[in-house]
1. Using only the Cα atoms, what convex hull volume per residue in Å³ does segment 31-121 have?
2. Taking 30 Å as R0, compute the FRET efficiency from the Cβ-Cβ separation of Leu125 and Lys35 and round it to 0.05.
3. Only counting other Cβ atoms within 10 Å, I'd like Ile232, Ile137 sorted with the fewest neighbours first.
4. Any idea which of Ile206, Gly115, Ile137 is furthest toward the positive side of the dipole for the chain, if Lys and Arg beta-carbons carry +1 and Asp and Glu beta-carbons -1?
5. Using only Cα atoms, locate the centre of segment 1-54 and the centre of segment 148-180, then give the distance between them in Å, rounded to an integer.
6. Take the Cα radius of gyration of segment 72-137 and divide it by 2.2 N^0.38 Å, with N its residue count; two decimals is plenty.
7. Can you list residues whose amide H is under 5 Å from Ile11's amide H, if they're 5+ apart or on another chain and H is modeled 1.01 Å from N?
8. Pairs Lys126/Lys174; Lys37/Lys66; Lys35/Lys176; Lys126/Lys165; Lys19/Lys108: which are spaced more than 23 Å apart, C-alpha to C-alpha?
Amino acid sequence: MHLALSMISIIIPAYNEEKRIKETLENYINFLKDKEKFEILVVLNGCKDNTLNVVEEEAKKHKEIKFKEFKEAIGKGGAIVEGFKIVKGDYICYVDADSSTRPEELYKLYLNINGYDGIMGSRWLKDSVITNKQPFIRRFLSRGFNLLVRIFLRLDYRDTQIGAKIFKREAIEKIKDNIKVTSWAFDVNILYNLKKEGFKILEYPIVWGHDEDSTLKLRKAIPGMFYSILKIKWKK
């Protein structure tokens with residue numbers, strides 16, 4: 001056990017995740033139940049399928065699971081920001097609903113946060129392990145986006161986009177009202193604000209696997225990446 005009196009809050013944004021959310025929730029519950037005090041908050045973001053019913057059933061079985069539904073689409077980043085307002089933990093995490101980040105990997109991050117204000121998994125460090133690679137076009141876009149982040153925002157991280165991040169509550173409380181970008185560059189917006197406030201975030205190798213059901217609309221993603229970075233850079 002890391003800190004006996006601490007609680008971990010895990011935010012899972014969910015958009016039409018009826019096929020994957022149950023397995024993800026059960027994996028996290030089963031792994032953490034004998035290790036830490038924790039809560040899981042699922043933030044449903046404009047779901048049009050049966051995700052709500054699946055989450056409700058899981059919440060009935062496990063007191064650690066909570067959920068908040070937004071009938072309108074507020075984006076992945078918007079869902080996480082809303083989660084920041086609700087969760088009670090000393091350490092605040094967010095992960096994707098597709099189980100690309102296994103609970104043991106998130107827990108490994110938690111155990112290694114040490115004196116940092118936050119820690120995030122990385123797919124691009126020497127000891128990182130990718131069990132299922134992304135398609136080439138996704139990797140190409142990821143590396144291009146990372147280059148833009150380094151040039152324009154001076155964030156010296158290899159992987160800002162992975163859905164496996166943990167922050168101390170005081171860090172999130174300091175910057176949560178300044179997170180204005182909730183689309184492609186949401187993670188970058190968080191890291192940029194944390195850097196401006198002097199918080200130190202550690203990048204740490206992780207075991208990660210791409211989910212084949214993930215989708216990416218390239219015509220929107222390519223210009224969206226560049227516009228989002230400029231919006232963060234010159235935000236008033």
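No value in this document is a laboratory result; all are computed from the given coordinates. Please read these numbers as outputs of a predicted model, since none were measured by experiment. Glycine also receives a Cβ, built like all others from the backbone with ideal geometry; neighbour counts cover every protein chain displayed.
1. Working: hull volume 10.1 nm³, N = 91.
For segment 31-121, the hull spanned by Cα atoms encloses 112 Å³ per residue.
2. After rounding to 0.05, the efficiency reads 0.75.
3. Ile137, Ile232
4. Result: Ile137.
5. Segment 1-54 and segment 148-180 have Cα centres separated by 21 Å.
6. 1.32
7. Counting only residues 5 or more places away or on other chains, the set is Leu41, Cys93, Tyr94, Val95.
8. Details: Lys126/Lys174 32 Å; Lys37/Lys66 14 Å; Lys35/Lys176 28 Å; Lys126/Lys165 19 Å; Lys19/Lys108 26 Å.
Beyond 23 Å: Lys126/Lys174; Lys35/Lys176; Lys19/Lys108.
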